[in-house]
Structures are given as C-alpha cells and as structure tokens.
1. Can you list the residues, at least 5 places off or on another chain, whose amide H is less than 5 Å from the amide H of Ile25, using H built in the peptide plane?
2. Glu37 accessible area, nearest 10 Å², 1.4 Å probe?
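The values are calculated or read from the model by the stated rules, or taken from the named source; none is laboratory data. Note that the coordinates shown come from a computational prediction; the quantities given were computed from them, not determined experimentally. SASA here: full protein model, heavy atoms, side chains in, ligands and nucleic acids out. Shrake-Rupley method; radii C 1.70, N 1.55, O 1.52, S 1.80 Å.
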Amino acid sequence: MATINFRISDELKNELQFIAQEKEIKVSRLVREIITEYIEEYYSEEDDIICLSNEENRIVLELPNNYNNFL
C-alpha cells in the first residue's frame with residue numbers, strides 16, 4: 001500500500017470530515033473509496049486499459065451532483 005499526500009482547501013477538508021463522520025468512517029477511508037470509485041468508473045467507460053508507469057498522471061475528481069445538499 002502507498003501513501004499519497006495532497007493539499008485541499010480548508011472548506012473541502014471540512015466537507016470530507018463531515019461526510020466521513022456521517023458514514024462513521026475515517027476521512028482516509030472515504031478518500032480511498034472516492035478514488036477507487038472514480039477509477040472503476042473511468043475504466044468501465046474505456047475499451048482498452050493502458051498503464052504507463054513512467055508518465056505523470058493527473059486525476060481530477062468532480063464534485064457529486066448532491067455536493068451541497070447536506071449543508
């Protein structure tokens with residue numbers, strides 16, 4: 001297993017903490033679930049899977065449609 005560090009705004013951090021608390025899980029688990037779901041959806045839409053290990057990859061996670069519903 002690997003560790004990934006990244007920066008987000010305080011507002012997004014608070015939102016992640018709120019969602020994790022509602023689901024009764026840790027923020028790290030929530031982030032893993034979000035990333036896993038995104039990658040699974042990404043590859044389910046593609047015909048071929050190509051992994052290039054020596055290239056930089058950038059993943060942009062889109063906010064869910066109901067992002068502001070729990071505020």
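1. Hits under the 5 Å cutoff: none.
2. Ignoring ligands and nucleic acids, Glu37 comes out at about 110 Å².
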